[in-house]
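First the structure, in the form of structure tokens, and then the observations on it.
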Amino acid sequence: MAGRSRNTPEHPSAAGGGEPGEGLLPADFDLADLYGARGGGDEDLDDSAVLVPPITLPPDSELVAAALAVPLIAHAVALARWTLPHRPVDEFGDLTDGDREAAARLLGLAPAEGEVPEEAVVEAMRAWALACDLDLVETGTTAEGDHAAIPGPDLEAAEQGDPSVVLGLWLDAAGIMRELAAEADSLAPEGEGEEEDAPEDELSDVEQARDAAADLLDEALQVLYEMTAFAEPGEETVPLGVLAALLVVPEGEEPDEEMLGDITDLMVTLDPMLGDLAELGLLEHRPIDPDLFEEEGEEAEDEEAGARRAAEARAAAAEQEPDEEEAARFGTVRLTPLGQYAVREWLLEQGYDAPLVGDLAEGDAEALLRGITESGNVLPDLELQAWLEDREPEAAARELLAAARGRDVHGPVRRMFCMIAVEELGDPARPAVREVLDDPELSGAARAWLRGRGEDVAAPERAVALWTAVDSFAAVMLTSEGDAGRMRDLVAELPVTDNPASYFGELWRVDHPYTPQVLEIVGELHLDRGVAKEARKAAFRARSQQR
């Protein structure tokens, strides 16, 4: 699974998804009104440095139960057990004609007596093929020269719910279905014959189309993975139009008329592929309502009438916003926990860092603070909560405070998250906090924390107070992610006296790695020109001092 690229207005599948009918399509509505989403943030994403957000997965036992509840998986396991002690097959490993109907009855796809519908046999053979692909069934030749099938070595472990076996089998099945979904999309109706009989250039075209469909499906799954990671519980379902828009509309742009048409085409392309994956429990999928499109064989309208109809549809859409049910007719999709598990495994196979929430909880405080400070795809609050759980508060606070020390470039953020964790621990952390009242790096924050809890603790010395001010400002600066409003508020709160030259004359001498940068930001953002000028002068002096 390659790193996705959401900035793909000319994606092959978006441009070549086929011509939908002229019914009321997503392109006939305003994207924001219909889907409640636009093209994304302002920053440019570099595919070479994809940051995969952390997710929370349910326990293995729940994932195993969900995997075994997938009908196709349950059928494959049942057929493997049915082969005991062995069952005759043909030279291709397929069931004989008589056993095909028996398999359909065994799986409950046909009544115990009477005629077996053809579709029931087809479904039973699909399950048989999957059982063979997963090695739940092994075929070979007996000593007498007959072809036979026997259960594979993993059957018993699968029936007993062994997590590594069951999830491994399900993941293999998901990979097969993922490949088949892309392959089915790449074949045009006239290309359903034997590929071996096609000219070489046509085979090349099919292979390129298959690769493009596979890339598109991978991108869609990764977008769903990211959206699910950040979704509130119960809000993981995504309109198909939102998913398509994120793949079509470049970052920071509004969709134009052409993009809205591409979104519609892409939805039509993705819809059947997502339906295939839903069959294996990787997704929950509501397909596009076929009534939205013209019935086949309906007489085509002339160009002028079609243009008039489209204009009327857009005008009607502009006057009223479609309700949830109407929007859902354009299709929805939800990545299940099993789907999150699969996408994460595929990302890990490709070398991406795809963390789980709580990964840092197993390490010590030093590893925790280093991880949440230096990693770009960590949710600090959740990692802190996971680490603090079941730890003795006083000992945890002591360990965190010790790990927060250091005047390296990450030190300010480490100390910020340390105090957030100490705040979470509350009163039981007091003894550990008192122990650092004389520490030059922690004293300021420690004294402020204790005074906030009503303790009669002296204010820190002037040098410590100034150092702590720079340290705290630097922590916000490093974690504000370019939020100018947040930085302006912080600058406005600086305790600058009526004599800014005196204040900044002290501040630029503070021996802190971020003193120059802090002063430069104050010089850029402070609304008082006199204060800003003194800050810029102090920044120059601080930078000269550090050279």
Scope the stretch 134-155; condition under 16 Å from TRP170 (Cα atoms) and of a type in the set (S, T, N, Q); matching residues: none
Residue count, the stretch 488-517, condition hydroxyl-bearing (Ser, Thr, Tyr) and in a helix (DSSP H, G or I), comes to 3
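So that you can scan it fast, the table gives a plain yes or no per residue for (1) closer than 24 Å to ARG126 by Cβ; (2) touching a Leu at 6+ places or on another chain (Cβ under 7 Å); (3) outside any strand (DSSP E or B); (4) β-branched (Val, Ile, Thr):
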residue: LEU221; (1), (2), (3), (4): yes, no, yes, no
residue: LEU224; (1), (2), (3), (4): no, yes, yes, no
residue: GLU235; (1), (2), (3), (4): no, no, yes, no
residue: LEU247; (1), (2), (3), (4): no, yes, yes, no
residue: PRO255; (1), (2), (3), (4): no, yes, yes, no
residue: GLU258; (1), (2), (3), (4): no, no, yes, no
residue: ASP265; (1), (2), (3), (4): no, no, yes, no
residue: LEU277; (1), (2), (3), (4): yes, yes, yes, no
Is one or more of the residues making up the stretch 213-228 over 30 Å from ALA80 (Cα atoms) and modelled with pLDDT under 90? no
Under 25 Å from LEU356 (Cα atoms), crowded, with 20+ Cβ neighbours inside 10 Å and at pLDDT 90 or above: is that true of LEU246 in this structure? yes
For the stretch 367-390, enumerate the residues that are surrounded by fewer than 16 Cβ atoms within 10 Å (Cβ to Cβ) and either closer than 24 Å to ASP427 by Cα or not assigned by TED's automatic domain parsing to the domain that holds VAL433 (or both). ASP381, GLN385, GLU389, ASP390
I need the helices (runs of 4 or more DSSP H) fully contained in the stretch 52-149, keeping only those with at least 3 residues that are farther than 30 Å from ASP218 by Cα. 71-82, 97-106, 118-133
If you go through the stretch 110-122 one residue at a time, do you hit one that is more than 28 Å from LEU283 (Cα to Cα), surrounded by 15 or more Cβ atoms within 10 Å (Cβ to Cβ) and in contact with a strand residue (DSSP E or B) (Cβ under 7 Å, 6 or more places away or on another chain)? no
Output the residue which, of all residues in the stretch 360-391 that are charged (D, E, K, R) and touching a helix residue (DSSP H, G or I) at 6+ places or on another chain (Cβ under 8 Å), is farthest from CYS418 (Cα to Cα). GLU389
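The values are calculated or read from the model by the stated rules, or taken from the named source; none is laboratory data. Predicted, not measured: the structure shown is a model, and the values here were computed from it. Ideal geometry is used to build each Cβ from the backbone, glycine not excepted, and the neighbour counts take in all protein chains shown.
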